[in-house]
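The values are calculated or read from the model by the stated rules, or taken from the named source; none is laboratory data. None of these values were measured; they are calculated from a predicted model. No Cβ is skipped: glycine too gets one built from the backbone with ideal geometry, and neighbour counts run over all protein chains shown. Only protein heavy atoms, including side chains, enter the accessible area calculation; ligands, DNA and RNA are left aside. Shrake-Rupley method; radii C 1.70, N 1.55, O 1.52, S 1.80 Å.
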Amino acid sequence: PIVAAGPAGATTVTIPASSSLWDRLSNWASENKGLVYTIAGVAVVVTGTTIYYIRKDTSEDPSAPKLSKKERRKRKQADKDVDAEKTATEKQPATTAAKAATVEVADELPEVDETIVQTLTPAERSEYAAKLKEAGNKAYGQKDLEKAIDLYSKAILCKSDPVFFSNRAACYNALNEWEKVVEDTTAAINIQPQYIKALNRRANAYDHLEKYSEALLDYTASCIIDNFRNEATAQSVERLLKKYAENKAKEILKTKPARLPSTTFVGNYIQSFRAKPRPAGLEDEVELSEETGKGQLQKGLKALENKAAPAYVEAAEAFEKAIELGDLGEYEAYAYNLRGTFRCLKGKHEEALADLSKSIELDPEMTQSYIKRASMNLELGSPEKAEADFTAALAKNASDPDIYYHRAQLHFIKGEFAEAQKDYQKSIDLDGDFIFSHIQLGVTQYKMGSIASSMATFRRTMKKFPQTPDVYNYYGELLLDQNEYEQAIDKFDTAMNLEKETKPMSMNVLPLINKSLALFQWKQDFKEAEKLCEKALIIDEECDIAVATMAQLLLQQGRVVEALKYFERAAELARTEGELVNALSYAEATRTQIQVQEKYPELASKLQGMGGAPSA
């Protein structure tokens, strides 16, 4: 993650300013069963205006609907039939089957064809079909797959039974003939729509045919029908969601244009570094032509100070042009640092790393370039390189408080809270006027279980920085975590009022989103919670947290089609491949639930019998 992404927010790149907010959003979604995604033991299915939930559990569910005797007999018999969900023969060449032992069949095994079948009575057809099916099972057990296929085919001539089609599909599964597996399992499902084995076999075939959406739909339906008792099937849902999302993400990224994330994200990243005056010679009073590299650098720095969305775009363009024009002299390393910063924010990681490395090469004493490169390495999954960058930065200037602050973020992400606490405190000792070191210290103490110390840190910080909205927002988050709803909302209101007063053109919308979640958790006030999210999106239409929160609120109300639109919007806003995979997974899971409802309407009534709407 971009560990420099602001207070309490360094634990995830997706959320630049508030990891605790994202943590709580995720926890809230899980605890309230608001995830459509079948993970963490929870599935969500929308039926009408209500969401029903099923937990994976190997024990008997007393709330599950009772099956009829006929259905129980069918299930019991189906469980005895061929199980091809994990086909051992997949690892064997198809020729192995040809060498298998021949099948010993009873002398009475009937010889049938379409003409003969027409002469048989219903009772005779059923009798012949049963014998042929049993012989087919024996052939399958002896790996004589072609013989088994022939016997199951003859059984099907006698009687169109879903088990016979599913068993023949198992043979085709072993031969890797996926299209035929789909054909036979579809025939079985058309006869018996809730036939779990056939659904799983067809899902497996679709998976091999790289039809991931179709496979996901079948596995999800299977999970719901079976009340999530089959852990392997539930895991297949997760695996397919991941596979689908990863493939789709790679496809999207090939043509997706690089763009800056939300104003909230950019602003929180920039303010995670202590503000410094511009280098001498780049001040506003110095006249520089915009046709020069130095002039463009000056233009970009001026735009950066405006802290607004159009200004951030202008700054990024100016830094690009500054290096293109060149002749930067003593400012060249600084220019590469700034261009690398904005390339990083756009998700252009390799180019950003190259720029930051170039900056270090040009000026090895510029510690900020080491810090930013460390953040990049951490985001790219190389914590060892990040640690090396922090060590190198400290070797250059052991008195730079930003190094300790951002290294603390690294410790925080790794769960090394004691080390994080030391570094935050060191950052404060070197410069006590940087509010985010105080805020993060309080958050870290809270994570360590030192609630009293954390609350005391926040009270001191509010006294020291009474006009800074961030401290009230994060203090409110900790109060909300303790279910102190009224106090938390009061702090979020204070933070929002201060945002309006101090930053009317670049307001941070996180207090609005926090208040939205607080009202939902406290009073189940969906209407007001939605209004707050909508307001946040008016202020910052690309705020990914607001989009995600809105999706969850809509999902909680059973407005799954609307929720899907927000999950799809989250995918559009994703900045990195990891963020895109995550967003696509949620979107596809939501879409699958809609398809399950449409394709298997009988499941809706079944789920209604399982007992009620979600609890808060």
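Within 10 Å of each candidate Cβ there may be at most 13 other Cβ atoms; applying that plus a DSSP loop requirement, which chymotrypsin sites (Phe, Trp or Tyr not before Pro) in segment 184-228 survive? Listed in order of number, the matching sites amount to none. Judged by the gyration tensor of its Cα atoms, with axes a ≥ b ≥ c, segment 440-599 is prolate; a/c meets the 1.5 cut and a/b is the larger of a/b and b/c.
Classify segment 181-308 from the C-alpha gyration tensor, please: rounded if a/c falls under 1.5, else prolate or oblate depending on whether a/b exceeds b/c. Cα axes put segment 181-308 in the prolate bin.
Counting other Cβ atoms within 10 Å of each Cβ, which GluC sites (Glu not before Pro) in segment 511-570 have at most 16 and sit in a DSSP loop?
E541
Roughly what would the spin-label model give for E246 and T502, points 7 Å off Cα along C-beta, in nm? With each label placed 7 Å out from Cα toward Cβ, I get 4.4 nm. Listed cross-link partners K503/K523; K299/K426; K565/K599; K256/K527; K346/K385 are compared with a 26 Å cut-off, the Cα-Cα value being larger for K503/K523; K299/K426; K256/K527.
Between segment 405-431 and segment 348-375, the C-alpha centres lie 21 angstrom from each other. Net charge in the neighbourhood of T461 (other residues with Cβ under 13 Å of its Cβ; Lys, Arg +1, Asp, Glu -1) is +3.
Each part gets one Cα centre, and for segment 480-519 versus segment 109-183 those centres are 67 Å apart.
Computed from backbone phi, the HN-Hα couplings of segment 347-355 come to x, 8, 5, 5, 5, 5, 4, 4, 5 Hz, rounded to whole numbers (Karplus: 6.51 cos²θ - 1.76 cosθ + 1.60, θ = phi - 60°; Gly and Pro given as x).
Would you please classify the overall shape of segment 498-573 from the alpha carbon gyration tensor, given that a ≥ b ≥ c denote the square roots of the eigenvalues, rounded means a/c under 1.5, and beyond that prolate means a/b larger than b/c while oblate covers the rest? Judged from the Cα gyration tensor, segment 498-573 comes out oblate (a/c at least 1.5, b/c at or above a/b). Ligands, DNA and RNA are left out, and with a 1.4 angstrom probe the accessible area of segment 449-549 is 43 Å² per residue. Entry comment: accessible area of segment 226-289 is 53 Å² per residue, from protein heavy atoms only and a probe of 1.4 Å. Computed in the context of the full set of protein chains, the accessible area of segment 411-568 at 1.4 Å probe radius has 48% of its extent on carbon or sulfur. Accessible surface area normalised per residue over segment 332-386 is 36 Å², counting heavy atoms of protein chains with a 1.4 Å rolling probe. For segment 318-434, the percent of C-alpha pairs falling in each 5 Å distance bin, counted from 0 to the bin holding the largest distance, reads 2, 13, 20, 22, 18, 13, 8, 3, 1, 0.
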